[in-house]
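Participant: Have a look at the structure that comes next, please.
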Amino acid sequence: MKKLLVFDMDGTLLNSQKAITSMTKKAINEAQEKGMVIALASGRHCTNLAKYVEQLELVRYPSYCIGNNGQELLNLQTKELIRGNQIPFDVVKIACQFASQEDREMYACVYGDTFFRTTKHAVKYSPEHQLIGYDYEKEAFEYQGDMDKIGFFVPKERNDAFDLAKRLNEQIKGKAQAIVTNDVAVEIVPEGIDKYLGIDLICENLGFALEDVLVFGDGLNDFGMMKKYPSCAMGNAYQEIKDVANYVVPSNDEEGIAFGIKHYAY
């Protein structure tokens with residue numbers, strides 16, 4: 001029986017309506033009652049996962065959040081937060097200049113706060129976002145310091161996520177890394193950061209072996225943890241994720257989590 005179950009959020013634990021189904025919740029709660037530890041592993045900041053933590057009632061048992069693609073590890077019961085490396089400010093400046101040159105919408109996260117840069121001519125790729133803390137004259141965010149994460153929205157008409165990541169990595173090589181998280185976003189994260197680092201720490205603290213872990217994911221930012229640990233790829237996952245996973249389960253709209261727990265966790 002697996003002792004640690006790790007779930008990516010968007011496209012995995014959450015269905016296409018960004019919701020956790022009652023069947024998924026029941027399967028996770030039953031796993032906790034049987035003594036399994038649960039970890040949510042997301043590109044989001046840990047604080048942004050609070051409503052899902054509450055919905056799943058995770059804090060009743062030992063549980064964790066791995067945030068910002070592995071830059072954070074939060075023990076949900078003790079509230080202890082371990083933070084890894086941040087993106088150096090010189091990389092932040094490079095990213096801001098890049099966004100200005102290409103007139104791209106951009107966001108940056110630090111300590112749970114998120115800053116947005118919209119396009120100059122108000123051709124916003126994500127209309128729900130408001131311009132917060134960005135000065136076009138200075139080509140910089142109001143917060144002038146190291147960041148936890150930087151992201152670029154990729155509109156469907158451009159469809160250049162992989163090319164964008166490649167060009168960003170040419171400019172920030174050795175200082176940070178740009179990764180394609182999905183078809184509509186490229187994120188810059190601190191050098192060496194990966195979701196599997198959070199899993200490593202949990203296993204080290206609780207004495208779990210590699211075979212005690214089961215990871216669920218769908219996106220390219222799940223690749224590291226899916227390759228290192230026993231894993232289930234969602235039916236809606238990228239082919240690269242399916243290729244590296246031990247199992248493929250139904251999609252996030254077809255109760256893939258509940259299926260995977262039932263068939264591969266026990």
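Participant: Please work out the FRET efficiency for the pair residue 61 and residue 136, using the Cβ-Cβ distance as r and a Förster radius of 45 Å; give the result to the nearest 0.05. Each step should come with its number before you reach the end.
Facilitator: Values: r = 48 Å, r/R0 = 1.07.
About 0.40, to the nearest 0.05.
Participant: Please list the non-local residues whose amide H lies under 5 Å from the amide H of residue 21, H modeled 1.01 Å from N, same-chain partners needing a gap of 5 or more.
Facilitator: Those lying under 5 Å, H to H, from residue 21 are 15.
Participant: Of the options 224, 249, 210, report the single residue whose Cα projects farthest towards the positive end of the charge dipole of the stretch 158-266 (beta-carbon charges: Lys, Arg +1; Asp, Glu -1).
Facilitator: Going by the charge dipole, the pick is 224.
Participant: Related question: Hey, which of these cross-link pairs are over 20 Å Cα-Cα: 34/227; 3/25; 51/227; 2/227? Intermediate values should be presented prior to the final figure.
Facilitator: Numbers: 34/227 26 Å; 3/25 17 Å; 51/227 29 Å; 2/227 17 Å.
The answer is 34/227; 51/227.
Participant: Using a basic spin-label model with each label point 7 Å from the Cα along Cα→Cβ, how many nm lie between residue 171 and residue 17?
Facilitator: 4.1
Participant: Can you give me the long-range amide H partners of residue 40? Hydrogens built in the peptide plane at 1.01 Å from N, cutoff under 5 Å, separation of 5 or more residues or another chain.
Facilitator: 7, 64, 65, 66
Participant: On full extension of the chain, what length is gained from residue 101 through residue 184, given 0.36 nm per residue of separation minus the C-alpha to C-alpha distance? Walk me through the numbers on the way to the answer.
Facilitator: Values: separation 83, 0.36 × 83 = 29.88 nm, distance 1.92 nm.
Taking residue 101 through residue 184 to full extension adds about 28.0 nm, to one decimal.
Participant: Per-residue counts of other Cβ atoms within 10 Å, averaged by peptide: what ranking do you get for 192-200, 214-222, highest first?
Facilitator: Working: 192-200: 22.3, 214-222: 26.9.
Ranked by mean Cβ neighbours within 10 Å, highest first: 214-222, 192-200.
Participant: Could you order peptides 27-35, 236-244 by the average number of other Cβ atoms within 10 Å of their residues, highest first? All intermediate terms of the calculation are to be shown ahead of the outcome.
Facilitator: Numbers: 27-35: 16.2, 236-244: 18.2.
Highest-to-lowest ranking by the protection proxy: 236-244, 27-35.
Participant: Continuing with this model, one more query. Determine, for each peptide in 64-75, 141-152, the mean count of other beta carbons within 10 angstrom over its residues, then list the peptides with the highest first.
Facilitator: Working: 64-75: 25.6, 141-152: 19.8.
Order by mean packing, descending: 64-75, 141-152.
Participant: What ³J(HN,Hα) values, in whole Hz, does the Karplus curve 6.51 cos²θ - 1.76 cosθ + 1.60 give for the stretch 228-233 when θ = phi - 60°, with x put for Gly and Pro?
Facilitator: Going residue by residue, I get 7, 10, x, 8, 10, 8 Hz, with x marking Gly and Pro.
Participant: Residues in the stretch 166-180 near a label at residue 146, defined as backbone nitrogen under 18 Å from the 7 Å Cα→Cβ point?
Facilitator: 172-178
Participant: Out of every Cα-Cα pair in the chain, what percent are more than 36 Å apart? Mind showing how you got there, number by number?
Facilitator: Working: 4862 of 35245 pairs.
So the pairs more than 36 Å apart make up 14 percent of the total in the chain.
Participant: Karplus couplings for the stretch 7-21 from phi (6.51 cos²θ - 1.76 cosθ + 1.60, θ = phi - 60°), rounded to Hz, Gly and Pro as x?
Facilitator: 10, 5, 9, 5, x, 10, 5, 8, 7, 5, 9, 6, 10, 9, 6
Participant: Using the heavy atoms of the protein chains and a 1.4 angstrom probe, tell me the accessible area per residue for the chain in square angstrom. Can you show the working numbers first?
Facilitator: On the way: 11940 Å² over 266 residues.
Accessible surface, normalised per residue, equals 45 Å².
Participant: For every helix of n ≥ 4 consecutive DSSP H residues, a contribution of -39,500 (n - 2.57) applies; sum these over the chain, divide by its total residues, and give [θ] at 222 nm rounded to the nearest 500 deg cm²/dmol.
Facilitator: Values: 8 runs with 74 residues, N = 266.
One gets -8000 deg cm²/dmol as the mean residue ellipticity at 222 nm.
The values are calculated or read from the model by the stated rules, or taken from the named source; none is laboratory data. What you are looking at is a predicted structure, and each value in this text was computed from that prediction instead of being measured. Cβ atoms come from the backbone with ideal geometry, glycine included; neighbour counts cover every protein chain shown. Just the protein is used for accessible areas: all its heavy atoms, side chains included, with ligands, DNA and RNA removed. Shrake-Rupley method; radii C 1.70, N 1.55, O 1.52, S 1.80 Å.
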